[in-house]
Amino acid sequence: MGMITEREVDRFYAEDGMGHRYTVVRRQDMIVFRPLSGSVRRIPGKVRYSLVTGEQLDDRSDGSLVIVNDATVLHKVET
């Protein structure tokens with residue numbers, strides 16, 4: 001039987017078109033599988049993005065992110 005846990009895998013900064021900076025958190029589901037025999041396996045699952053404030057983000061094919069509630073487009077900032 002498997003159990004799904006979530007873990008933070010990354011934090012980075014992103015900016016909108018007006019220069020406002022946001023902290024983005026990348027989380028990933030980990031499926032913990034414990035077979036009847038053998039060792040426990042952790043299988044990476046779905047990746048989700050949110051702001052540190054908890055607002056959800058959608059990722060786009062061009063690599064940008066969009067705040068779900070207000071459609072603000074964010075681009076990753078290299079530090």
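Descriptive notes on the structure:
- Label-to-label distance, Glu15 versus Arg42, with points set 7 angstrom from Cα along the beta-carbon direction: 3.5 nm.
- In percent, rounded to a whole number, the relative contact order of the chain is 27, using alpha-carbon pairs under 8 Å and six or more apart.
- Ordering of 66-75, 15-24 by packing is 66-75, 15-24, highest average first (other Cβ atoms within 10 Å, averaged per residue).
- Surface composition of the chain: carbon plus sulfur atoms hold 49% of the accessible area, using a 1.4 angstrom probe and ignoring ligands, DNA and RNA.
- Alpha-carbon radius of gyration plus Dmax, which is the widest Cα pair, for the chain in Å: 15.8, 55
The values are calculated or read from the model by the stated rules, or taken from the named source; none is laboratory data. On a predicted model such as this, the values are computed, not experimentally measured, just so you know. Here the Cβ is made from the backbone with ideal geometry for all residues, glycine too, and neighbour counts use every protein chain on show. Note: areas computed on protein heavy atoms with side chains; ligands, DNA, RNA excluded. Shrake-Rupley method; radii C 1.70, N 1.55, O 1.52, S 1.80 Å.
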